[in-house]
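Since the structure comes first, as structure tokens, the remarks are kept for the end.
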């Protein structure tokens, strides 16, 4: 479940230094990333001509994004914070670009996007692990090893698919 809860930060911009990020900032950024992550995962699952490993990664990313959204909503509710269910404009543009691609072009760009998003997720969760809000900090810190694992998995799929 830990791995399921950390990989949804697709395209989440890591803004500001740790000391300027609040728990609310983290929860909002992570939730927004989850919505985009779920959609990108659905795209990968829906292209039947993709290699099975890419479809499986998309399936895993989509399912994990749904689980993460639920956990983030719980954390936000405990803090009387309402999270949006909107995909940010930059993420929508990336999803629109991905939706125009097929085959090897989709595989290359999708896997690159996943790797980039996981790198940014790692940075976001590292900053959140230093927050004063102990519950959010623990949540973020507990998921950092899972982010590393997901980076390795996505990297292996990328290496196997991209010459």
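Nothing in this text is a laboratory measurement; each read-out follows from the coordinates by a stated rule. All of these numbers come straight from a predicted model, not from anything done at the bench. We place every Cβ from the backbone using ideal geometry, glycine too, and count neighbours over all the protein chains shown.
The simple spin-label model puts a point 7 Å past each Cα toward its Cβ; for residue 116 and residue 81 those points are separated by 2.6 nm. Peptide packing for 65-75, 82-92, 35-45, 110-120 was compared via the average number of neighbouring C-beta atoms within 10 Å per residue; ordered from the highest value, the list is 35-45, 110-120, 65-75, 82-92. What is the list of residues in the range 129-155 whose amide nitrogen lies under 17 Å from a point 7 angstrom out from the Cα of residue 24, following Cα to Cβ? Residues 131-137 qualify, since their backbone N sits under 17 Å from the label point. For the chain, adding -39500 (n - 2.57) for each run of n ≥ 4 DSSP H residues and dividing by the number of residues yields -25000 deg cm²/dmol at 222 nm. If you wrap the tightest convex hull around every Cα atom of the chain and split its volume per residue, you get 94 Å³. Across the chain, the relative contact order, built from alpha-carbon pairs under 8 Å that are at least six residues apart, equals 34 percent.
Ranked by the mean number of other Cβ atoms within 10 Å of their residues, highest first, the peptides 146-158, 47-59 fall in the order 146-158, 47-59.
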